[in-house]
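What follows is one structure encoded as structure tokens, with my remarks underneath.
The values are calculated or read from the model by the stated rules, or taken from the named source; none is laboratory data. Fair warning: this is a prediction, and the values are worked out from it, not measured in the lab. As a convention, Cβ positions derive from the backbone with ideal geometry for all residues, glycine included, and neighbour counts pool all protein chains shown. Areas reflect the complete protein model, heavy atoms only, side chains present, ligands, DNA and RNA absent. Shrake-Rupley method; radii C 1.70, N 1.55, O 1.52, S 1.80 Å.
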Amino acid sequence: MDGHGRTTLTGTDANRRARERFVDRLEQAGLDVRIDAVGNIVGRWVPEGVDPSTAPVATGSHLDSVPVGGIFDGPLGVYGGLEAVRAIQESDRTPERPIDVVCFTEEEGQRFGNGLLGSSVATGQRSVDDALAFEADDGTTLADALDEIGFRGEGRIDAAEWDAWLELHPEQGTRLEEENATAGIVTNVTGITHCYLEVNGEADHAGSTPMPGRADALAAASEVVLDVEEAAKQLVDDESPSAVGTVGKAVVEPNATNVIPGQVRLGIDIRDVSADSISMLVDALEDSAQRVERERAVETTVSRPYDVPPEPMADRCRETLVDAGTATGLNTLLMHSGAAHDTMNVARVTDAGLLFAPSRDGISHNPREWTEWSDCAGATTVLAEGLARLAES
Ligand SMILES: [Zn+2]
């Protein structure tokens, strides 16, 4: 296999080794380490002369991965955060706040089925007990898995106590590479809506049923697929260049070459930085479903079970990162994020900012994921300057 793969699912032996190494590194840099009840790790640096009860500035990301993921998604933000603190320690800066370096548990949601798990607890959106009760496919609970690797601590890290938060993460897209920029400063994290469309027609013999009077669920669903694509393209042209609409899933019943399809279920993924344009695409989907009902002898139902609203990043953090880019002389770019990160949760309880490093060819969740070491260093330099500025105010 090409590249550098990494599999560190929450609570596995590989995850234990990744966590232990990180804790070692935090301690070597003189940070006080705390593990909370869901395994979130925080290393705190209290600069000399600073009151330890002052609200800290925090940074970090995650150490869990998808199966055979890349080596940068997560670790870049965790080790970039630690390196930023080390750089500030060695500089003549005078931070007036403690700085926390954080690793959230189960960001990818690969073993316990819930992404952004650790940050959802740290931001009070989910209780410790609910999180600990989540089960892996083999019936292991998060509580058992954390016990097994020695990372079930106590209490709850509370993100609302942070004065501000910054996360460094690979872009997982190609804009920075195209623009030859060292770091991307995120303005907005896109909202994500998942809709499901069920089309019910009539399964019949493909040979003996004449063309007039058929109720072909797949032919009807195909019109909806094209309508969703067209509506998204229109929206991009007319008002929102960042909008995307994808029919990524189709389940056809009975799915046999010689049978007219009786039922189709579609999974539709809609994202944008504006809640309005997400609603417009959902409306377009519903209009299309009604149209095929009128024009073809099928029945349709649309559901919208998954809805994460767009999350703007705090002006203060975004501006600080822009100033940090200018101060360090590195080329930065304002952009939105199409993927969800722990920062989305943190942004609900304190001022949050998100910084991207370039990803070669935009490849992610793959061993071929790559960020040039010089870009890792550049983006971390911007992060360090941003953290220092936030900690000085
Ligand atoms: Zn990630």
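May I ask which residue of Ala324, Pro305, Trp370 lies farthest towards the positive end of the charge dipole of region 304-376, with charges of +1 (Lys, Arg) and -1 (Asp, Glu) on Cβ and the Cα centre as origin?
Going by the charge dipole, the pick is Pro305.
For the charge dipole of region 191-308, defined by +1 on Lys and Arg C-beta atoms and -1 on Asp and Glu C-beta atoms about the Cα centroid, which residue among Ala232, Ala256, Ser277 has the Cα displaced farthest towards the positive pole?
Ala256
Leaving out ligands, DNA and RNA, and with a 1.4 Å probe, what % of the accessible surface on region 191-308 is carbon or sulfur? Please report the intermediate quantities before stating the final value.
Values: 3050 of 6270 Å².
Looking at region 191-308 in its full context, I get 49 percent from C and S.
Principal axes first, then extents: for the Cα atoms of region 268-393, list largest minus smallest coordinate on each axis, whole Å, largest first.
64, 36, 20 Å, listed from the longest principal axis down.
Give me the accessible area per residue for the chain, probe 1.4 Å, as a whole number in Å². Working shown, then result.
Values: 17020 Å² over 393 residues.
Value returned for the chain: 43 Å² of accessible area per residue.
Grab the beta carbon distance between Asp24 and Thr246, set R0 = 45 Å, and tell me the FRET efficiency rounded to 0.05. Walk me through the numbers on the way to the answer.
Details: r = 42 Å, r/R0 = 0.94.
Rounded to the nearest 0.05, the efficiency is 0.60.
If each of Glu48 and His205 carries a label point 7 Å out from its Cα toward its Cβ, how far apart are those two points in nm?
With each label point 7 Å from Cα toward Cβ, the separation is 9.1 nm.
Looking at the chain, send over the antiparallel percent of its DSSP beta bridges, to the nearest 5. Each step should come with its number before you reach the end.
Values: 44 of 66 bridges.
Restricted to the chain, the bridges split so that about 65 percent are antiparallel.
Would you give the gap between the C-alpha center of region 332-393 and the C-alpha center of region 143-175, rounded to a whole Å?
Taking the Cα centre of region 143-175 as reference, the centre of region 332-393 is 15 Å away.
In the neighborhood of Ala275, defined by Cβ-to-Cβ distances under 12 Å, what is the net charge if each Lys or Arg adds +1 and each Asp or Glu adds -1?
Details: positive: Arg271; negative: Asp272, Asp276, Asp307, Glu311.
My count for the surroundings of Ala275 gives -3.
Under a plain spin-label model, where a point goes 7 Å from the Cα along Cα-to-Cβ, how far apart in nm are Asp138 and Asp307?
3.8 nm
Using the Cα gyration tensor of region 241-291, with a ≥ b ≥ c the square roots of its eigenvalues, what is the shape: rounded (a/c below 1.5), prolate (a/b larger than b/c) or oblate (neither)? Each step should come with its number before you reach the end.
Working: a/c = 4.47, a/b = 2.36, b/c = 1.90.
Prolate, because a/c is 1.5 or more and a/b exceeds b/c.
Among Leu26, Val244, Leu390, pick out the residue whose Cα is farthest towards the positive end of the charge dipole of the chain, where Lys and Arg carry +1 and Asp and Glu carry -1 on C-beta, about the Cα centre.
Leu26
I'd like the distance between the alpha-carbon centres of region 221-285 and region 56-73, rounded to an integer number of Å.
31 Å
Top to bottom by accessible area (1.4 Å), largest first, where do Val189, Val273 land? Numbers along the way, then the final one.
Values: Val189 0, Val273 40 Å².
Result, largest first: Val273, Val189.
Figure the gain on full extension for Gln290 and Glu154 (residue separation times 0.36 nm, minus the Cα-Cα span) and round it to one decimal in nm. Walk me through the intermediate numbers first.
Numbers: separation 136, 0.36 × 136 = 48.96 nm, distance 5.26 nm.
Extra length available between Gln290 and Glu154 comes to 43.7 nm.
Does anything in region 376-393 have its amide N under 14 Å from the 7 Å Cα→Cβ label point of Val322, and if so which residues?
Of the residues in region 376-393, none has backbone N under 14 Å from the label point off Val322.
How large is the accessible surface of Thr328 in square angstrom, using a 1.4 angstrom probe and rounding to the nearest 10?
Surface accessible to solvent at Thr328 totals approximately 40 Å².
Given a 1.4 Å probe and every protein chain left where it sits, what share in percent of the accessible area of region 9-105 is carbon and sulfur? Intermediate values should be presented prior to the final figure.
Working: 1620 of 3590 Å².
Carbon and sulfur atoms account for 45 percent of the accessible area of region 9-105.
Dipole size in debye (nearest 20) for region 239-306 around its Cα centre, Lys and Arg Cβ +1, Asp and Glu Cβ -1? Each step should come with its number before you reach the end.
Values: 7 positive and 11 negative charges, 58 e Å.
Charge dipole of region 239-306: 280 debye, to the nearest 20.
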